[in-house]
1. For the range 54-88, which residues satisfy the criterion of being open to solvent by less than 30 Å² (accessible area, probe 1.4 Å), over 13 Å from residue 30 (Cα atoms) and in contact with an Asp or Glu (Cβ under 8 Å, 6 or more places away or on another chain)?
2. Kindly provide the set of residues from the range 126-142 that are touching a residue at least 60 places away in the same chain (Cβ under 8 Å) and either outside any loop (DSSP other than H, G, I, E, B) or open to solvent by 50 Å² or more (accessible area, probe 1.4 Å) (or both), ordered by number.
3. Check off (1) open to solvent by 40 Å² or more (accessible area, probe 1.4 Å); (2) at pLDDT 95 or above; (3) touching a Pro at 6+ places or on another chain (Cβ under 7 Å) for residue 9 and give me the number that stays unchecked.
4. Give the residue that is nearest to residue 80 (Cα to Cα), with candidates limited to residues of the range 14-44 that are open to solvent by less than 60 Å² (accessible area, probe 1.4 Å) and touching a Gly at 6+ places or on another chain (Cβ under 7 Å).
5. It is to be established whether one or more residues within the range 57-76 are more than 19 Å from the chain's Cα centre (by Cα) and at pLDDT 95 or above.
6. Run residue 205 past the list (1) modelled with pLDDT under 95; (2) over 23 Å from residue 23 (Cα atoms); (3) surrounded by fewer than 19 Cβ atoms within 10 Å (Cβ to Cβ) and report the number of the one that doesn't hold.
7. Count, please, the residues in the range 149-176 that happen to be in a loop (DSSP other than H, G, I, E, B) and surrounded by fewer than 17 Cβ atoms within 10 Å (Cβ to Cβ).
8. Working only within the range 1-16, note down all residues that are touching a residue at least 24 places away in the same chain (Cβ under 8 Å) and in a loop (DSSP other than H, G, I, E, B).
Amino acid sequence: METPTPPPTPPVVVTDIDFATQAALWSSDYADYSPGMESGIAFESGLRDLPAPLTGKGLLLGGRNASDDLLMYAFSAYQGFAPDTDYKVKATVTIATNAPDSCFGAGGPPSALWLRAGAAPRAPAKAYDPALQLVRVNVDKGEQAGDGTEAVVLGDIGTPDAGDCLSPTYAIKVLPERSDAPVIRSTADGRLWLFLGTESGFEARSEYYLLSARFTFEPQP
């Protein structure tokens, strides 16, 4: 009897995202707050011109951390993966930020927004958690500076290039991929939902712009 030929290993998939031209493919939302806080959070998102001295456009995410734990996130569905296949999901993300990394603020410095990246085999959606009495998202993205099983922290949004605490200015920051990225299984129709977001320990309004991202999907044995 002949030994069956094993199926070929799926190729590595690399996806480059330019938010200036692809923001319409992404949805934005927020979570980790108690019902009734919505007006105080004043969440804002969408494609915007970058503030001076930067030029171009980016996907803005902004809001006030009224819950002491505000999550602001963006997501998009991508197809073309091998079905029912485990992929290590690595991401390098470029943002525009005006958070100096050496300032102090209520609850933490303005840089205390941890940016995380990952993916999920389902569309991110909000739901009320009666045990915690919070509106949560159905992605295991971790808490504060901690990792989850579907997203990991790439770093915070603070940068010394944003000037000083009294007169911050916008600058570009690159958050590199992690080798210990999460492993996510694609759906039966070869789909994954890419996920980017920040969780805040800074108890005031904050905002940043997603400029670009490179997701690398490495099939796992």
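1. 87
2. Passing the criteria: 126, 128, 133, 134, 135, 136, 137.
3. (2)
4. The selected residue is 19.
5. Looking for residues that are more than 19 Å from the chain's Cα centre (by Cα) and at pLDDT 95 or above, one finds none in the range 57-76, hence no.
6. Answer for residue 205: the failing condition is (2).
7. 7
8. 9, 10, 11, 12
The values are calculated or read from the model by the stated rules, or taken from the named source; none is laboratory data. Computed from a prediction, not measured in an experiment: that's the story for all the values here. Here Cβ is always computed from backbone atoms with ideal geometry, including for glycine, and neighbour counts include all displayed protein chains. Note: areas computed on protein heavy atoms with side chains; ligands, DNA, RNA excluded. Shrake-Rupley method; radii C 1.70, N 1.55, O 1.52, S 1.80 Å.
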